[in-house]
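Below is one structure, written out as structure tokens, with a few remarks after it.
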Amino acid sequence: MSFSTKKFSFQQLVQGRKSIRRFLDKPVEKAKILACLEAARVAPSASNVQPWRFLVIDEPELIEKFGKEAFSGIYYPTKFAAKAPVIIVILARLDIIANRIGKEIQNIHYYYIDIGIAGEHIVLQAEELGLGTCWIGWFNPRKTRRFFKIPRKYKVVSLMAVGYYEKKPSRERKRKNLEDIVWFNKMP
Ligand SMILES: Cc1cc2nc3c(=O)[nH]c(=O)nc-3n(C[C@H](O)[C@H](O)[C@H](O)COP(=O)(O)O)c2cc1C
């Protein structure tokens with residue numbers, strides 16, 4: 001699968017990316033979604049367990065119906081995502097022994113790290129393809145499970161909204177300065 005993509009340097013790609021919350025009413029080519037998922041597929045994971053699973057929702061009526069469940073009540077601020085042409089439900093397989101050992105010994109849920117890496121691969125591939133994305137953590141996971149009849153062996157970790165956008169938001173990028181978050185060789 002090959003696309004003519006704009007040629008960005010990696011720095012331009014990451015510096016230019018912003019979360020997109022307003023999408024065009026335009027379907028996303030399946031090949032582009034598959035390219036994003038391929039980028040996720042090759043992501044690194046603890047002990048290479050690849051715990052991620054992706055439920056791709058690309059039917060507008062289904063997204064609208066799902067949004068009424070997942071973004072109701074206290075999750076109302078996420079209503080914008082029901083207008084995205086694609087929502088990816090990001091799941092983690094829980095019955096993986098390496099994840100259980102990591103939790104028992106180090107008290108770290110490695111699958112969260114793995115999912116974060118794979119999800120961000122989606123974000124960056126989408127950016128290169130001219131698509132906007134928004135990670136969605138503020139949604140109802142119980143209703144999501146029920147709506148899609150997701151078996152218990154999967155944890156519903158996050159949603160990802162994907163679609164074309166008219167223009168990038170003009171808001172300034174608020175980030176801490178490097179010197180506030182990095183130390184070399186010793187703690188301050
Ligand atoms: C794990 C995660 C969960 C997020 N959940 C939401 C969300 O529920 N709703 C939302 O509008 N943005 C969500 N975001 C987007 C962040 O608000 C956004 O990344 C942050 O404000 C920085 O802005 P930028 O992505 O445009 O650089 C989430 C981002 C991450 C990484």
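What follows draws every value from the coordinates through simple rules; no lab data is involved. Computed from a predicted structure; not experimentally measured. Note that each Cβ is placed from the backbone with ideal geometry, even for glycine, and that neighbours are counted across all protein chains shown.
Annotations
- Dipole-positive endmost among ILE90, PHE184, ALA31 within the chain (Cβ charges, Cα centre): ILE90
- In this calculation the C-beta distance from ARG152 to LEU24 is compared with R0 = 25 Å, giving a FRET efficiency of 0.10.
- As a rough guide to protection, the peptides 55-62, 83-90, 117-124 ranked by mean Cβ packing within 10 Å, highest first, stand as 83-90, 117-124, 55-62.
- Working from label points 7 Å from Cα in the Cα-to-Cβ sense, the TYR112 to MET187 distance is 2.0 nm.
- A viscosity of 1.002 mPa s and a temperature of 20 °C, combined with the Kirkwood radius over Cα pairs in Stokes-Einstein, give a translational diffusion coefficient for the chain of 120 µm²/s.
- Simple point charges give the picture: +1 on the Cβ of Lys and Arg, -1 on the Cβ of Asp and Glu, and for the chain a dipole about the Cα centre of about 460 debye.
- Lysines with Cα under 17 Å of LYS79, excluding same-chain neighbours fewer than 8 positions away: LYS65, LYS68, LYS143
- Protection proxy ranking of 92-103, 7-18, by the mean of other Cβ atoms within 10 Å over each peptide's residues and highest first, is 92-103, 7-18.
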